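Below is one structure; the comments refer to it alone.
The values are calculated or read from the model by the stated rules, or taken from the named source; none is laboratory data. Note that this is a predicted model, so its numbers are computed, not measured. Glycine also receives a Cβ, built like all others from the backbone with ideal geometry; neighbour counts cover every protein chain displayed. Heads up: the accessible areas ignore ligands, DNA and RNA and are worked out on the full protein's heavy atoms, side chains in. Shrake-Rupley method; radii C 1.70, N 1.55, O 1.52, S 1.80 Å.
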Amino acid sequence: MSQVGPVLVETLLKTLGNAYAPYSHHPVASVMETPDGQQFAGANVEVAHYKGVCAEASAISAMATAGQRELAKVYVMGPGEHLCTPCGDCRQRIREFATPDTQILVLSREGEVLKTYTMETLLPDAFGPEQLPPR
Ligand SMILES: [Zn+2]
């Protein structure tokens with residue numbers, strides 16, 4: 001099983017610690033990496049009416065806010081008791097900025113790569129910008 005670098009693990013653990021998950025008690029951290037190596041972290045942020053934001057959505061928002069529009073790698077780290085894959089909504093959000101080469105890596109708390117997906121394996125035959133008429 002492969003392992004990601006210690007700096008990335010540190011970033012993910014720190015982000016996981018900043019997750020605001022008082023209702024689910026299921027903290028998640030994610031890092032979006034662009035082709036030029038920039039990384040944008042995000043944690044899940046819940047609210048009392050249960051319409052919180054996932055870690056992946058937080059990280060994608062940070063990336064897009066910084067003006068970045070392409071994902072090279074997506075890292076997801078959950079609380080550790082199971083394979084913490086992106087939810088359906090986040091799969092579609094990742095799809096928005098993914099290429100056929102984008103890798104989605106789901107990690108353990110120790111930074112071990114538990115499973116790696118491509119966009120096609122994570123969300124087969126996904127709806128995307130190409131299905132919309134040109135503007
Ligand atoms: Zn999600």
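Taken over region 17-31, the criterion of being more than 13 Å from the ligand (Cβ to nearest atom) and under 12 Å from the mean Cα position of the chain (by Cα) is satisfied by V31 alone. Which residues, taken from region 90-135, are of a type outside the set (A, V, I, L, M, F, W, C) and part of a helix (DSSP H, G or I)? Within region 90-135, R91, Q92, R93, R95, E96, E120, T121, P129, E130, Q131 qualify. Within region 45-61, residues that are more than 16 Å from H25 (Cβ to Cβ) have Cβ atoms under 7 Å from residues that are open to solvent by 70 Å² or more (accessible area, probe 1.4 Å) and within 8 Å of the ligand (Cβ to nearest atom) in these pairs: E56/R93; A57/R93; I60/R93, counting only partners at least 6 apart in sequence or on another chain.
Against the numbered list (1) of a type outside the set (G, A, S); (2) over 17 Å from V4 (Cα atoms); (3) open to solvent by less than 50 Å² (accessible area, probe 1.4 Å), Q92 comes up short only at (3). Of everything listed in (1) in contact with a helix residue (DSSP H, G or I) (Cβ under 9 Å, 6 or more places away or on another chain); (2) within 16 Å of the ligand (Cβ to nearest atom); (3) in a loop (DSSP other than H, G, I, E, B), the single unmet condition for M63 is (3).
Across region 47-56, which residue is farthest from the ligand (Cβ to nearest atom) among those that are surrounded by fewer than 20 Cβ atoms within 10 Å (Cβ to Cβ) and of a type outside the set (D, E, K, R)? Spell out the reasoning first.
So in region 47-56, the residues surrounded by fewer than 20 Cβ atoms within 10 Å (Cβ to Cβ) come out as 47-53.
Subset that is of a type outside the set (D, E, K, R): 47-50, 52-53.
Values: V47: 15, A48: 19, H49: 17, Y50: 13, G52: 9, V53: 8 Å.
Checking each candidate, the answer is A48.
The set of residues in region 24-46 that are touching an Asp or Glu at 6+ places or on another chain (Cβ under 9 Å), open to solvent by 10 Å² or more (accessible area, probe 1.4 Å), of a type in the set (S, T, N, Q) and outside any strand (DSSP E or B) comprises S24, N44. Checking each residue in region 95-117 for being farther than 19 Å from L16 by Cβ and either open to solvent by less than 50 Å² (accessible area, probe 1.4 Å) or in contact (Cβ under 8 Å) with a residue 60 or more places away in the chain (or both) picks out R95, F97, A98, T99, T102, Y117. Of all residues in region 13-34, those being in contact with a Leu (Cβ under 6 Å, 6 or more places away or on another chain) and farther than 15 Å from S61 by Cβ number 1.
Restricting to region 66-87, name every residue that is free of Cβ contacts under 8 Å to residues at least 12 places away in the same chain and within 16 Å of the ligand (Cβ to nearest atom). I'd like the intermediate steps shown before the answer.
Filtering region 66-87 down to residues free of Cβ contacts under 8 Å to residues at least 12 places away in the same chain leaves 67, 81-82.
Matches in region 66-87: H82 only.
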